[in-house]
Amino acid sequence: MKRYILNSYFLAGAFNLCLVYFSFAQTGDDYKIILKEDNIENAYPRLSNDGKKILYQSKRTGKWQLYIMDIESKSQERITTDTFNNNLPDWSADNKWIAFVSDRDGNEEIYLMKSDGSELKRLTNDPGRDIHPYFSPDGNYILFNSTRANNTLDVYRYTIASGKTEHLTNSTDDETCARYSPDMKHIVFLKNNMKTDDVFVMSFSNFLPENVSKSSEAEHGWPMYSADGKWIYYSSMEGGTYSIYRIKPDGTDKQQLTHANTGEQDARVNVSRDGKFMIYNKKIGSTIMICLMNLIP
């Protein structure tokens, strides 16, 4: 999992845009391809609050840049224009702000800007890697990961109003992709080392991480809470290739939602606020596409 998160996205290809409306996997998954460009990686899709737009990163220009796409019209707007990498974006709940990672100042740091690309502000300044920013539901905090303490990725919390940074986890494992529960009483994140790679939940009442995926040595990735807090959605290789699953926050009622074929990977799920559909990445060869699947028939 760690290798895939950190190192998988450095392929470039010719710009060859292809929008396909419906596709059916060999395993019977019913999904819609929202964006597909041959040999191009369009990754980390994030739905707007109303479920009508997608914020994502693309390598189509040779460097990671951020775009916003209207799902219905397929129109796209590029919101970063420099020659540096800009990636791993997240939208604030009101969609007015975007947190993201950029290497424009020499190494990976967290930045904040308005969703039209204006009012750019650098939030972190450390020689370590600062990656995976995620807004809190109330918009007051940003969770992110950094190697600044011990050369492994830990979870930190940045207070937007004051600039205060707090160290939330501290271990020799990599703890990544941390996201708040809707009530902000818990966070979900990945915890991995050379032997294990699981989804953990940690309460702010005791700061004791609990393993909710418990899937032997299967690799997992990119967990998130549903808007009602009843589910945690994530990716897992339990079936041999990355597919999308969901599980209750107490580790019960695990359900497999996609069934990626051999040679495919389904990852980076993002669920609409009404719980009716999800978007995610499907990787086939050097192509990463954005797909949509209904959760309610």
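The values are calculated or read from the model by the stated rules, or taken from the named source; none is laboratory data. Note that this is a predicted model, so its numbers are computed, not measured. Note: ideal-geometry Cβ built from the backbone for every residue, glycine included; neighbour counts use all protein chains shown.
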- request: Identify the residue in the stretch 190-221 that is touching a Leu at 6+ places or on another chain (Cβ under 8 Å) and crowded, with 19+ Cβ neighbours inside 10 Å and, among all such residues, is modelled with the lowest pLDDT.
  value: Asp197
query: Here are some conditions: (1) in a strand (DSSP E or B); (2) surrounded by fewer than 17 Cβ atoms within 10 Å (Cβ to Cβ); (3) of a type in the set (Val, Ile, Thr). Thr262 meets all but one. Which one does it not meet?
result: (1)
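Give the residue that is farthest from Asp94 (Cα to Cα), with candidates limited to residues of the stretch 131-175 that are charged (D, E, K, R) and touching a strand residue (DSSP E or B) at 6+ places or on another chain (Cβ under 8 Å).
Asp173
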- request: Determine whether Ile284 is modelled with pLDDT of 95 or more, touching a Gly at 6+ places or on another chain (Cβ under 8 Å), among the β-branched types (Val, Ile, Thr) and within 26 Å of Lys53 (Cβ to Cβ).
  value: yes
- prompt: Which ones in the stretch 70-103 are surrounded by 13 or more Cβ atoms within 10 Å (Cβ to Cβ) and among the polar types (S, T, N, Q)?
  reply: Gln76, Thr80, Asn85, Asn86, Asn87, Ser92, Asn95, Ser102
message: So, Arg129, is that one surrounded by fewer than 22 Cβ atoms within 10 Å (Cβ to Cβ), in contact with a Pro (Cβ under 9 Å, 6 or more places away or on another chain), basic (Lys, Arg) and closer than 18 Å to Asp174 by Cα or not?
response: no
task: Scan (1) of a type in the set (Gly, Ala, Ser); (2) at pLDDT 70 or above; (3) touching a Ser or Thr at 6+ places or on another chain (Cβ under 9 Å) for the single condition Gly13 breaks and write down its number.
output: (2)
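For (1) over 18 Å from Met194 (Cβ atoms); (2) exposed (fewer than 15 other Cβ atoms within 10 Å of the Cβ); (3) without any contact (Cβ under 8 Å) to a residue 60 or more places away in the chain, each residue gets a yes or a no:
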site: Arg148; (1), (2), (3): yes, no, yes
site: Thr159; (1), (2), (3): yes, yes, yes
site: Gly163; (1), (2), (3): yes, yes, yes
site: His167; (1), (2), (3): yes, yes, yes
site: Asn170; (1), (2), (3): yes, yes, yes
site: Glu175; (1), (2), (3): no, no, yes
task: Would you be able to say whether some residue in the stretch 226-243 is loosely packed, with under 14 Cβ neighbours inside 10 Å, free of Cβ contacts under 8 Å to residues at least 60 places away in the same chain, more than 27 Å from Tyr67 (Cα to Cα) and among the hydroxyl-bearing types (Ser, Thr, Tyr)?
output: no
query: Filter the stretch 28-52 for residues that are within 16 Å of the chain's Cα centre (by Cα) and assigned to a strand (DSSP E or B); which is surrounded by the fewest Cβ atoms within 10 Å (Cβ to Cβ)?
result: Arg46
message: I want to confirm something. Restricting to the stretch 55-68 and keeping residues that are part of a strand (DSSP E or B) and aromatic (Phe, Trp, Tyr), which single residue is nearest to Pro133 (Cα to Cα)?
response: Tyr56
